[in-house]
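The values are calculated or read from the model by the stated rules, or taken from the named source; none is laboratory data. No experiment lies behind these values; they were computed from the predicted model shown. When we count neighbours, we look across all protein chains shown, and the Cβ atoms used for this are built from the backbone with ideal geometry, even at glycine. For accessibility, only protein heavy atoms count, side chains too; no ligands or nucleic acids. Shrake-Rupley method; radii C 1.70, N 1.55, O 1.52, S 1.80 Å.
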Amino acid sequence: MITVRGLTATYRLGRDTVTALDGVDLDVEPGQVFVLLGPSGCGKTTLLRCLAGLETPVAGQIEIDGIPLSDAATGLFVPPEDRPLAMVFQSYAMWPHMSVFDNVAFPLKAGRRRLPSNEVDGRVDEVLSLLGIDHLSARSVTTLSGGQQQRVGLARAIALRPRVLLMDEPLSNLDFRLQVELRGQLRALMHELNLTTVHVTHNQAEALEMGDRIAVMDAGHVVQTDDPESIYHRPVDEHVARFVGDMNLIPGSVARWSEGTAQVQTASGMFLAMTAENISLPEGARCFLGIRPADLVVPAPTDAPPETCLTATVTDRRFQGDRMMFGLKAGNDPLEISTHHSVRLSVGSEVRVHIPPDSAIAVKPSPQTRPTDQSDDGD
Ligand code: ATP
């Protein structure tokens, strides 16, 4: 339903041009919660603003439901107010002198998408109750908590019944507990409304929990688009592996590769690993053996095949409540292991560590540079 092809967007910065998006392709299906995830400055907000019509791309096309909204080649550009979208921002941007009810009702009474006046009250009551804030209807927005204000912001966007809801870090100003509570509630709400949502965040836990699909971005590029479990368990490269959750990355090289599996030669031995779909790993190429701290088994079971084990020295232990983290060293390679809090390993001791082949992943190194900033020659 949302199709983005070859989208490139730049900003002028003095005499320089900053390429914020560099040939981005995206496909968002109807009713999906689609998350744009990536580090600060990778282009998430620019992509959302291009969808909203708040930036003009220098190349590429955007379509919603097969209707072109922007096409740099032909100069087509549908202005924001004529796009079937609503946007929720990080800051709540309320009208402070108005009640909750009036804040939600205002866009329905003014602007291009206004409703016949006899339908406004019913629509507002419906969304306030959907978001569980109907009891706050008469309150001034300035008397609300952050979480309540963010619900009003959402109610205002949803009341417009957009085809697509764009959300730019809507939870990041809230305290941690509320963020976690709202993640699940928002996802359930979007599905209940069958509302196609593009949600921007740099928080990987939020992306994994909320997304039906996630596009991981880096330096103006989409590096991987997948369901959350594939992003977590089958990262296509080092950038995704490092950005989404903690992963041990043991340097090595590809000894053998066939679709879906690889043998990785490391300083601690040769290990069998899975690979992401649709990537090739040429034999002899540099790669990493990737394994999550919670997937390593220590001490290795006595019947674990020797070719799935390595020897390491315990360098430190950190108590984390329900988990115990251990720092290890296998040769020169540091490893992190997360175990049940009852596991006891003494610092300085040598341990056998089991690497289950179905939890290990052969990870491609990231390209050294994904170019973003280009100097303008000023001509
Ligand atoms: P964050 O998570 O910090 O909001 P982001 O992933 O949303 O970051 P963008 O805000 O889209 O990233 O920025 C992408 C790139 O474009 C960055 O290099 C940023 O510095 C640059 N940029 C963004 N807005 C402007 C602007 N108005 N003028 C110049 N450069 C800009």
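The residues of the range 27-41 that are open to solvent by less than 10 Å² (accessible area, probe 1.4 Å), within 11 Å of the ligand (Cβ to nearest atom) and over 14 Å from L7 (Cβ atoms), listed by number, are L37, G38. Inspect the range 77-86 for any residue being touching a Pro at 6+ places or on another chain (Cβ under 8 Å), outside any loop (DSSP other than H, G, I, E, B), under 26 Å from E192 (Cβ atoms) and of a type outside the set (K, R) and give the result as yes or no. The answer is yes; a qualifying residue exists.
Mind telling me which of the residues L208, L193, L272 ends up being of a type in the set (A, V, I, L, M) and in the same structural domain as D295 (by TED's automatic domain parsing)? Break it down into steps so the answer makes sense when it comes.
Details: L208 fails: in the same structural domain as D295 (by TED's automatic domain parsing); L193 fails: in the same structural domain as D295 (by TED's automatic domain parsing).
Answer to the selection: L272.
For the range 101-121, taking the residues that are assigned to a helix (DSSP H, G or I) and small (G, A, S), the one that is farthest from A138 (Cα to Cα) is identified as S117. Residue count for the range 335-355 satisfying the condition of being surrounded by 14 or more Cβ atoms within 10 Å (Cβ to Cβ) and either outside the structural domain of E277 (by TED's automatic domain parsing) or not hydrophobic (A, V, I, L, M, F, W, C) (or both): 5. Note on the range 124-157: residues that are open to solvent by 10 Å² or more (accessible area, probe 1.4 Å) and among the hydrophobic types (A, V, I, L, M, F, W, C) amount to 4. Total residues in the range 78-101 satisfying the condition of being surrounded by 17 or more Cβ atoms within 10 Å (Cβ to Cβ) and of a type in the set (D, E, K, R): the figure is 1.
Consider the range 252-298. How many of its residues are hydroxyl-bearing (S, T, Y) and closer than 21 Å to T225 by Cα? Break it down stepwise before answering.
As a first pass, look at the range 252-298 and keep what is hydroxyl-bearing (S, T, Y): 253, 258, 261, 266, 268, 275, 280.
Cutting the leftovers down to closer than 21 Å to T225 by Cα gives us 261, 275, 280.
Adding up the residues that qualify gives 3.
The criterion of being assigned by TED's automatic domain parsing to the domain that holds E209, part of a loop (DSSP other than H, G, I, E, B), surrounded by 20 or more Cβ atoms within 10 Å (Cβ to Cβ) and touching a residue at least 60 places away in the same chain (Cβ under 8 Å) holds for P170.
Please enumerate the residues belonging to the range 297-336 that are in contact (Cβ under 8 Å) with a residue 24 or more places away in the chain, closer than 22 Å to G245 by Cβ and hydrophobic (A, V, I, L, M, F, W, C). If the condition is that a residue be in contact (Cβ under 8 Å) with a residue 24 or more places away in the chain, closer than 22 Å to G245 by Cβ and hydrophobic (A, V, I, L, M, F, W, C), then V297, V298, L310, A312, M325, F326, L328, A330, L335 are the ones that fit.
Of all residues in the range 46-92, those that are under 27 Å from D175 (Cβ atoms) and more than 16 Å from the ligand (Cβ to nearest atom) total 2.
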